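The values are calculated or read from the model by the stated rules, or taken from the named source; none is laboratory data. What you are looking at is a predicted structure, and each value in this text was computed from that prediction instead of being measured. In this analysis, Cβ positions are derived from the backbone assuming ideal geometry, glycine residues included, and neighbour counts consider all displayed protein chains. To get the accessible areas, we keep the full protein, side chains included, count just its heavy atoms, and leave off ligands, DNA and RNA. Shrake-Rupley method; radii C 1.70, N 1.55, O 1.52, S 1.80 Å.
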Amino acid sequence: MSPYQQTTEALRNLLTTGDEVDRCYAARALGTMGDKEAVDPLIESLRDEDIDVCVDAVEALGRIGDIRAAASIIESLENDSSAEVCTVAATTLGLLHSEEAIDALRQVIIQRPERIEWDDQWDRWWDIQLEAIKTLGQFGYENNVQILLDIIDDEGHQDIECELLATLVLTPGKGVDSVINRLQDKELRPQKRWRAARALGKADSTEAVTALGRALQIGIPEIRAEAAAALAEQGAQRYLRALLLLLRDESEVVRREAIRAITTLADKADEESELPEDLLSLVTDPSESVRTALFETLASMLKHGKEPLNDELFEAILPNLDSKDFNTACATCTLLGKNGDNRAVAPLLALLADHSIYLMTRRQAALALGDIGDDSSEVIEALAHAVGDKEQTIRLAALSALRSLHREDAQSETLSTESAESIEAEEEAEENAVPLTPLGIILAAIQGKIEINSERAEATASEEAESETVEDEADIESTEEESLANDDESAEGNTSLSEIAAKSTDEEAKLVLPEHKNRVVEPGEFNTAQSTMDAIALDNVEVTLGLHEAEEEEAPLDEEAEHYLGVAEDGKALMTRMRSHREITPKQDVRLLGVRILIGLDTEESSQALIDALNDEDNALRKEAALAIAESIEQGAKHPLLMDSLGSMVAQLALGERDLRRACARALGVLGNHAAATPLLNALQDEDINVRIQVMESLAHLLAHGDDPVASDHMVTDPVSAKVAAEAIAEQLAHKEISIRVAAARALAKIVQLEEAQEIAQEMIEKTIDSAFEQDGEEARILGKILRQAELEMVTNKLLAKLNEAEDSVVRSVAVEMLEELYNPKTEAA
């Protein structure tokens, strides 16, 4: 008998001999496992004295899907006095797709059974009726349509119009036609008509799509809005132009739904999707929102492989870079970047250099330059200056663009840093020279050679009519100036960019944020996206660096907090870590961003830069470097130079602050050098839970996937065997924290699969299973999933022994849950 058969036999026995808790757990497990031999005992359980057992038995029969159960479930629907049983029965009959059930379903929909009791003010029949309606709709028979139509406007019934409409559109022909008629019926209340429009979004019918297209002209805004949303759900690309025109609608709700619909259709576009005809008329539309949505749509289509814009369209779109609406300008930048035409480079450079325009327009200009792929010295120099911009989002955009422009065969020139003029020694100036290549500038940023630009350009542009805004900016700028050296000299070297700007941008048509003075955007100001471009803007540096995770409010510990933490000193240590996130200076920020940008590169230069950053005196930079090394290796980087990071990461795993220790533990796991096994083993005693979890994961990964020390010429003086590692990790199974116990179980499940660990495999599996029973069993299901990686017969035998030994149903339920997950065909090993 196979382990599966042994398990199902034990569960079937528990279903008939156990108490009510046992019977519920056994029924659920048998249903999950799909045991067809359990159909008869489960049918017997439909008459169980415990309602919960009846409900679980019905659901289990539905999951098994054996049509033999249909007649018994129909009988429950027609005769059982429990509304809960009848409701589940109605749902299950849909899963079985039993045509025998149609008459019973119709009857319970039309007539309330007298045996069903009210639950306070709620008629439980309504639950049964609703599930019966949904099930009936799955059959798709036209002769069911009239029954549903008789209910839909009957005020004596509950308001389930939306559910009835959703059921009707599943029936081709008469069902869909009835919903179309409701949409077009001018005598109906508007609410009923727009509900019909919403339902038609799910109809598999060309007639429904046509009716929705016509509904865009109905005079009721709510109907137009729902029709637009439904067309998007249908993927109706042929109505894209009509939806674009809907952006002129007088109703805000219609315009909002039109934008959502256009975005959805653009995202669904592929190479076969047709561009709307007569685009030129929309490119020159007087509405900024129409043009913005059009450009975002075209950019999305270009991303999906459409042919580049023709010359006529390109020339018509280009002037929108000068739009006074920043959303339009940003969308134009994005579109021109995706289009990849070098004719857009000069005006994009001008936008990037213009500090008087909205910040996000400059950001999109930088990203567009990276998308176009022009790596001329003019572009590289402009992006190099942008890396030193005082605005964080511009720095990130410039570095991202340089990363896009990086080529392995790039020829190196040099760009002097703006602080080089103050260096008297020629050797020092030469040392500080930045190679004029994308990678050279990124590396210079990491090395701290990029100076942050002064406020001169911004001050010149905003000298006019500044009042309170100037005072606010002064406080912000003075803080930055205290942390920057030689700021007054850092605006040099922009001549070439100014010339470009002068040639490409009319000074009188500078892009500005309408009705707002130029000012620094305060952190947190854009908390919620108000448009598509706002959403793009919110993809900010904090998300890239994960800095938002560390930002916690300072607050004194009160007595309740100290009690929760257990000991006052532990609470103080926690607060110290919370306060450790200090304000990052712009120059430090450039270095951190540079490190993150290198993730995935597999070159000697990038590898050496990450190792240098790992040994930097800046703690934040060291952490980012360790994470970047880990992520680069996970993405396939294999440069031998990365192995030189081993010594530094081992030292910082032992001595670094919490986040750095965790980052180093992660990197050591994927680095593949077994010399890291001993330091990781020692780190199992780390005081921080998250570090300890990462250490276990890394140790298991290293033992399972690490390089062969002999073949790789790795000097491993103190090797760690799988047995030693497993025994050390097994000690963590007794930890009070469930996250530690689960991490230990997951690590052990990987280790016991190794050939060298076979002698201890059974012992480790038994310890893992025992840990669930020694605690309160809350991790039973996750442990069941984890143990799927191990040898099933061994795990099954241990769990069945636990099931037979258990003296009460609570303990038995832990074993049943683990067995259920062990043999659940719909889940994978955790």
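Data table
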item: Radius, Kirkwood style, for the range 760-830 when every pair of distinct Cα atoms is counted (Å); result: 11.8 Å
item: Alpha-carbon spread of the range 102-258, three principal axes, descending order, Å; result: 57, 32, 25
item: The range 793-816 residues near the modelled ALA829 label - backbone nitrogen below 15 Å, point 7 Å along Cα→Cβ; result: 793-796
item: Along each principal axis, Cα extent of the range 748-798, largest first, Å; result: 32, 18, 17
item: Relative packing of peptides 440-449, 732-741, 327-336, 225-234 - highest average C-beta neighbours within 10 Å first; result: 327-336, 225-234, 440-449, 732-741
item: Over the range 329-414, relative contact order from alpha-carbon pairs under 8 Å, at least 6 apart, %; result: 29 percent
item: Integer Hz, Karplus 6.51/-1.76/1.60 couplings in order for the range 122-138, x for Gly and Pro; result: 10, 7, 5, 4, 4, 5, 5, 4, 4, 5, 5, 4, 4, 5, 4, x, 5
item: Approximate shape of the range 295-366 as ellipsoid semi-axes (Cα gyration tensor, √5λ), whole Å, largest first; result: 20, 12, 11
item: Two-decimal ratio, the range 11-65, of alpha-carbon radius of gyration to 2.2 N^0.38 Å; result: 0.91
item: Heavy-atom accessible area order for ARG68, ARG238, ARG224, largest first, 1.4 Å probe; result: ARG238, ARG68, ARG224
item: Longest to shortest principal axis, alpha-carbon extents of the range 586-662, angstrom; result: 30, 28, 17
item: Candidate residues ARG124, ARG362: accessible-area rank, largest first, probe 1.4 Å; result: ARG124, ARG362
item: Distance between modelled label sites at GLU774 and ASP204, nm, 7 Å Cα→Cβ extension; result: 5.4 nm
item: Heavy-atom accessible area per residue - the range 181-338, 1.4 Å, Å²; result: 46 Å²
item: Gyration tensor verdict on the range 624-740 (Cα atoms; rounded if a/c is under 1.5, prolate if a/b is larger than b/c, oblate otherwise); result: oblate
item: Accessible area per residue, Å², the range 628-690 with all protein chains present, probe 1.4 Å; result: 40 Å²
item: Debye equation applied to the C-alpha atoms of the range 64-114, log10 I(q)/I(0) at 0.18, 0.31 Å⁻¹; result: -0.48, -1.36
item: The range 98-149 - Rg over Rh from alpha carbon coordinates, Kirkwood radius; result: 1.01
item: Using alpha carbons only: equivalent-ellipsoid semi-axes of the range 293-412, gyration tensor based, whole Å; result: 22, 18, 12
item: Lysine-lysine proximity count for the range 64-217, Cα under 18 Å, sequence distance 8 or more or distinct chains; result: 4
item: Exposure rank, largest accessible area first [GLU296, GLU20, GLU617; 1.4 Å]; result: GLU617, GLU20, GLU296
item: Whole-number accessible area per residue in Å² for the range 1-154, which is evaluated in the context of all protein chains at 1.4 Å; result: 45 Å²
